[in-house]
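Since the structure comes first, as structure tokens, the remarks are kept for the end.
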Amino acid sequence: MSKRIQLNTNYSKDHQIVVGYKLEDEIISFLSDNFSLKKAVFIVDENVLGLYQNSYISSLKVLFDEVVLCSVPEGEQSKSLSQYTDIVDTILKSKVERSTPVIVIGGGVTGDLGGFAAASTLRGMPLIHIPTSLLAMVDSSIGGKTGINHSVGKNLIGAFYSPVAVFADLQFLETLPQKEIANGLGEVIKYGMISTPSIIEDLEKLPISKPFVYSKDWEHLVAICAKIKADIVAKDFKESGLREILNFGHTFAHVIERVCGYENSSHGEAVFMGMWGAVKLSNLLGFNIDIANLSVFRALYTSKFDPEESVAELTELMLHDKKVKDGSIKVIMLEKPGVARSRIIQDVSVIQESWKFIIEEFK
Ligand code: ADP
Ligand code: ZN
């Protein structure tokens, strides 16, 4: 049995997020009930296409008289204007209609790129997300953010655009490389820190450092995380307040990714290091957060962080974050486990101390 999560917002189309295992039949009924089966656009991660084209993907394709297939090369560099233009060209040249469904199957990269193509082509075609990475299932496929990168920075071109449905099928995690599981777990741990501390205990019971094997416990965990994100987004679709708590660890992480180079760093790993700093910062601000909540997962992350930049320079780089307002550093910190707040930091010395704490641990 799959779990259903309803996402209702004032801004976006209400839609269902379905979390489960082997969801092909459910997806087929959804498509048959909601669309003319004449034509569909499939935007698929190239690795996922290689692994599933004769199974999962062909069982969805045969539903339609005609399928326009776009394969997306792996990696962040695919979130580019040129990939976007290629996809839009392919879609438009195949004479689709505005009601033709766009089915996006892949991780966060394919989801953001394919989602933006669906959002913008013909002023918006119906988008169905089938996230195939853990990160995409618990984070990027939920909340309607779509977009691509610009040479000036990441995710600077895009739109808030809700899918008509999201199907997170844990079957895909069976082929996801181990390091990508750890990447997604960075966000899962984050939900444990900012919202639901029982996630940390649930995670400790799962064999998270072994190759993925489906279990109800995993399904429960993915569904809880998707629901936390959906509930936060429902209250703040366009990111004016509450949604910023999802940025816990990220103000540090964005700087870590920047100085290490986006190609060399895993987002989940950078978020883990960032949360390490954010816990320290919370404690420096007078709260009492046990670093053990993070240190139990320390062995999942093996990268080093020993930057050439000084802690003052790293702190200065935080001011370039696109979420920074009015030249002051806003950081999400914890008041207690499961309770996060944003705080404007005037005294940069506490941030510098937090950077020292990160480097001490990860150098
Ligand atoms: P993320 O989902 O972490 O944002 P990507 O979209 O870049 O990042 O996906 C991470 C990597 O995992 C890519 O190389 C992608 O091709 C691969 N991938 C995604 N889903 C699967 C899957 N189910 N099986 C195998 N590889 C996958
Ligand atoms: Zn993140």
DSSP beta bridge pairing in the chain, given as percent antiparallel to the nearest 5: 45 percent
Under 15 Å from residue 229, Cα to Cα: aspartates and glutamates that are on another chain or at least 8 residues apart: 14, 139, 187, 239, 244
Distance cut-off 18 Å, percentage of C-alpha pairs in the stretch 243-362 lying past it: 45 percent
Inter-label distance for residue 46 and residue 76, nm, one decimal - labels placed 7 Å from Cα along Cα-to-Cβ: 1.9 nm
Residue 290-residue 303 pseudo-label distance in nm [points 7 Å out on the Cα-to-Cβ vector]: 2.9 nm
Positive-end residue of 265, 303, 289, charge dipole of the stretch 199-329 with Cβ unit charges: 289
Computed label-point distance, nm, for sites residue 240 and residue 347 using a 7 Å Cα→Cβ extension: 3.3 nm
Per-residue HN-Hα couplings for the stretch 53-59 [Karplus 6.51, -1.76, 1.60; θ = phi - 60°; Hz; x = Gly/Pro]: 5, 8, 10, 3, 5, 5, 5
In sequence order, calculated HN-Hα J values of the stretch 145-158 (Karplus, 6.51, -1.76, 1.60; Hz; x Gly/Pro): 7, 10, x, 10, 8, 10, 4, 6, x, 7, 6, 8, 10, x
Cα-based reach from residue 39 at 19 Å (exclusive), listing lysines while leaving out same-chain residues under 8 positions away: 61, 93, 95
Beta bridge orientation in the stretch 3-175: antiparallel %, DSSP, nearest 5: 30 percent
Theoretical ellipticity at 222 nm over the chain - DSSP helices of four or more residues, -39500 (n - 2.57) apiece, nearest 500: -13000 deg cm²/dmol
Cα-Cα over 28 Å, subset of 38/238; 3/210; 205/235; 154/205; 145/363; 13/205: 38/238; 205/235; 154/205; 145/363; 13/205
Whole-Å semi-axes of the ellipsoid equivalent to the chain (Cα gyration tensor, √5λ, descending): 35, 22, 18
Gain upon complete extension [residue 154, residue 213; 0.36 nm per residue less C-alpha separation]: 17.9 nm
Peptide ranges 329-335, 180-186, 1-7 listed from the most packed, as the mean C-beta count within 10 angstrom indicates: 180-186, 329-335, 1-7
Helix 216-235 axis, angle to the chain major axis (alpha carbon atoms, nearest 10°): 80 degrees
Amide H partners (placed H, <5 Å) of residue 39, local residues excluded: 65, 66
Theoretical gain in end-to-end length, residue 29 to residue 63 [0.36 nm per residue, Cα-Cα removed]: 11.2 nm
Phi-based couplings in Hz for the stretch 132-140 (Karplus 6.51, -1.76, 1.60; Gly and Pro marked x): 10, 10, 4, 4, 5, 5, 9, 9, 6
In the stretch 243-362, lysine pairs with alpha-carbon atoms under 22 angstrom apart (chain gap of 8 or more, or interchain): 8
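Bear in mind that the values in this text are calculations on the coordinates, not laboratory data. Predicted, not measured: the structure shown is a model, and the values here were computed from it. Don't worry about glycine lacking a Cβ; one is built from the backbone with ideal geometry, like all the others, and counts go over all protein chains shown.
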